[in-house]
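The values are calculated or read from the model by the stated rules, or taken from the named source; none is laboratory data. Keep in mind it's a predicted model, so treat the numbers as computed, not measured. Note that each Cβ is placed from the backbone with ideal geometry, even for glycine, and that neighbours are counted across all protein chains shown. These area figures cover heavy atoms from the full protein model, side chains too; ligands, DNA and RNA do not enter into them. Shrake-Rupley method; radii C 1.70, N 1.55, O 1.52, S 1.80 Å.
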Amino acid sequence: FHYSYDIIYLNYIIMENSEITTDYQEELALLKQRADLLGIKYSNNIGLETLKAKINERLESQNLENQAQNDKVSLRKKIQEEQMRLVRIRLNVLNPAKSAWRGEIFTIANSVLGTVKKFVPYDPKFYENGYHVPYCIYKMLQDKTYLNIKVTKDPRTGREIPHTSFAKEFGIEVLPSLTREELAELAKEQA
């Protein structure tokens, strides 16, 4: 009786080990498929734990890359919103060479904003209630200068002497944003 009990027990252990081996091989096969999908190279005799570690490392790397990409996209969106918000201004042209101009198209282009174009009129009637321009165009207008040339006569010789300097091209007054009621009234006027 004792002898047959040992044989039954051995058969049980062998069957249990074969199930473990089958589970191990199935899991290893699944992990190899996953590694192939992720583009991970591995040797044919790689162990289960080593392959798991490689897969986890690749997934973590991809998660970090995705997070970095999302951060980049959200930063880009934040910059776009900041630069494209409208600023209400009143513009005065200080450059005498442009005093007869009706206006000018200003363009800004970069990898974050793309291309932004805006016609800015120089006629004062457009600025009675203010005129809206994107913030990036406002900054461009604020930074514009022109070469101011003044000619004076030398009192001793009578020769004309040119004096040059850079001067601001525009005088810009930033007006407060319109209230909802003012925006509604403006919409009615423009319709």
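Checking ILE137 against (1) at pLDDT below 95; (2) out of contact with any helix residue (DSSP H, G or I) (no Cβ under 7 Å at 6 or more places or on another chain); (3) of a type in the set (A, V, I, L, M, F, W, C), which test does it fail? For ILE137, the failing item is (1). Among the residues of the stretch 95-108, are any at negative phi, among the polar types (S, T, N, Q) and crowded, with 16+ Cβ neighbours inside 10 Å? The answer is yes, given that some residue of the stretch 95-108 is at negative phi, among the polar types (S, T, N, Q) and crowded, with 16+ Cβ neighbours inside 10 Å. Restricted to the stretch 130-183, and to residues there that are polar (S, T, N, Q) and touching a residue at least 12 places away in the same chain (Cβ under 8 Å), the residue that is least open to solvent (accessible area, probe 1.4 Å) is ASN148.
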